[in-house]
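The values are calculated or read from the model by the stated rules, or taken from the named source; none is laboratory data. All of these numbers come straight from a predicted model, not from anything done at the bench. Heads up, the Cβs are rebuilt from the backbone with ideal geometry, glycines too, and the neighbour counts pull from every protein chain shown. Note: accessible area is taken over every heavy atom of the protein model, side chains too, but ligands, DNA and RNA are not part of it. Shrake-Rupley method; radii C 1.70, N 1.55, O 1.52, S 1.80 Å.
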Amino acid sequence: MDVPRSRRRRRVLQLAGIGVVAVVLIASFVFVASLEPALPAVDADTVWIGTVERGEFVREVRGPGKLVPMRHRWITALTPGRVDEILLQPGTTVSPDTPLFRLANPDVAVELLTVRQQLSDAEAELVSLDASLESEELAQRALVLQVRTQYLEARHRDATNRELETKSPGLVSSFDMARGVELVAELEDRVRIESRRLALLDESAAEQVAARSIHVDRLRSIVRASEQRVDSLVARAGVAGVMAEIAVEEGQWVQAGDTLGRVVQPERLKAELRVPQNQAEQVLIGQLAVIDTRVDVMDGRVARIDPAVRDGAVTVDVSLTAELPASARLNMSVDGTVVIERVADATYMTRPVAARSEERLALFRLDDGGDVAERVNVLVGRVSVREVEVVEGLSPGDRVILSDMSAWDDHERLLLEW
């Protein structure tokens, strides 16, 4: 019969179709399983790409800082007093004798009047003493002359008596002869004594005058010191420059040694940089430096390195070797770069994020088409501010992603979308 045969054929066709579908499904599953996973896509505009180069590699250290004066002078109070008047304001050009502050202290003026009166009294006493001593000296000289005259008369009388006694014995009594001899001896001693007294009087007068003169000179020194204290109530600049700052206000009482202000020389500035402490060991005195004021660029050399670390940084002074540009101002913020070393021939690239010296980095290198980036292991050598030396892992001409790619640490390859 025809009906059963047609059913059997339909059944066979159904089974054959199911088998074909199953084979197709299995083949599709195997094909899909054999495919690699799709590459994660990264927007090329969001990453920083650099190129490895070959040539001169310059190691640099950078630090922020400011322009400060090479020489400045603090104006301090030499005498306590009240600030009566501030004569100049910051920015004014001054000379060494320019008055800046006027102080007031009545006690200093009274002290000067007192020592001047003491000096006047001492000078008057010196004049009086000198006159008195001179009068005593003159009186003693007159006495010496008088005794000497008496001595000469006694000698003459004794000589006459001796001559008469020789010519006419008995003419002169023995008493007169003896008295004449004794008088000559007595007057001779008196001449010697009075002459010695005159010499002692001269020596004593000189010593008294000298002692009194020393006292007067001492008082004169005290008067000069007092006058200087009065003069110091007007504080002067002491150097030529510009008034930089004022540390007091009018009416304020200051003690000796207190700061009143500061004078600087703006035409002689230096850069004071703050270099990170982990890079400061590479900085040496005499190294070249470049100071950027964000308006002009100035050349300089390292002049001083602070031996101490403050707030994680070392202060480095850079002397400027050329004439200052017009834009340079006191306390202006600057960026300084110190040239540590120049390597004539080296493989280097722009410094990746968080790159450190003698460290291995995982970077993504672009293929020739620039569409796919593959992770490579790179050994970094010497590190500069903007660039790093490439020891191994990359070749000149390679392009790498320098941005922070830590979010893609689980992927070995990336697709760049341009």
Task: P(r) of the range 162-208 over all Cα-Cα pairs, binned every 5 Å from zero, in whole percent - done: 5, 19, 15, 13, 10, 9, 8, 7, 6, 5, 3, 1
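At a threshold of 8 angstrom on Cα-Cα distance, excluding pairs fewer than six apart, so keeping six or more, what relative contact order does the range 318-399 reach in percent?
Working: 98 pairs, mean separation 21.8, N = 82.
Once divided by the residue count of the range 318-399, the mean separation gives 27 percent.
What does the charge count near Glu374 come to, summing +1 for each Lys or Arg and -1 for each Asp or Glu among other residues with Cβ under 10 Å from its Cβ?
Value of the local net charge: +1.
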Open item on the list: Contact order normalised by length for the chain, with contacts defined as Cα pairs under 8 Å and 6 or more residues apart; what percent is it?
Closed with: 29
TODO: Quick one: divide the alpha-carbon radius of gyration of the range 171-301 by 2.2 N^0.38 Å and tell me what you get.
DONE: 2.83
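Per residue, how much accessible surface does the chain expose to a 1.4 Å probe? Answer in Å², no decimals.
61
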- [ ] Could you please report the charge total around Ala244, scoring K, R as +1 and D, E as -1 over all other residues with beta-carbon less than 14 angstrom from its beta-carbon?
- [x] +4
Open item on the list: Please list, ordered by chain and number, the residues whose modelled amide H lies under 5 Å from the amide H of Thr92; skip anything fewer than 5 residues away on the same chain.
Closed with: Met243
Task: Viscosity 1.002 mPa s, 20 °C: Kirkwood-radius Stokes-Einstein D of the chain over Cα pairs, µm²/s - done: 63
- [ ] Please give the net charge around Ser195, taking every other residue with its beta carbon less than 14 angstrom from that of Ser195, where Lys and Arg add +1 and Asp and Glu add -1.
- [x] 0
TODO: Just name one of Val275, Leu200, Val234: the one whose Cα is farthest towards the positive end of the charge dipole of the chain (beta-carbon charges, Lys/Arg +1, Asp/Glu -1).
DONE: Val275
Open item on the list: Could you work out the percent of alpha carbon pairs in the range 224-354 separated by over 19 Å, rounded to a whole number?
Closed with: 65
Open item on the list: Quick check for me: using +1 on Lys/Arg Cβ and -1 on Asp/Glu Cβ, what's the dipole size of the range 184-328 about its Cα centre, in debye to the nearest 20?
Closed with: 100
- [ ] Check every DSSP H run in the chain and write down those whose alpha carbon atoms cover 27 angstrom or more along the long axis and whose mean Kyte-Doolittle hydropathy is 0.0 or greater.
- [x] 2-34
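Taking the convex hull of the alpha carbon atoms in the range 295-355, what volume per residue do you get, in Å³?
It comes to 175 Å³ per residue, whole-number rounded.
Out of the total accessible area of the chain (probe 1.4 Å, heavy atoms of protein only), what percent is carbon and sulfur?
Details: 13330 of 25510 Å².
Carbon with sulfur: 52 percent of the solvent-accessible area.
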TODO: Please report, to one decimal in angstroms, the Kirkwood hydrodynamic radius of the range 94-194 built from all distinct Cα-Cα pairs.
DONE: 19.7
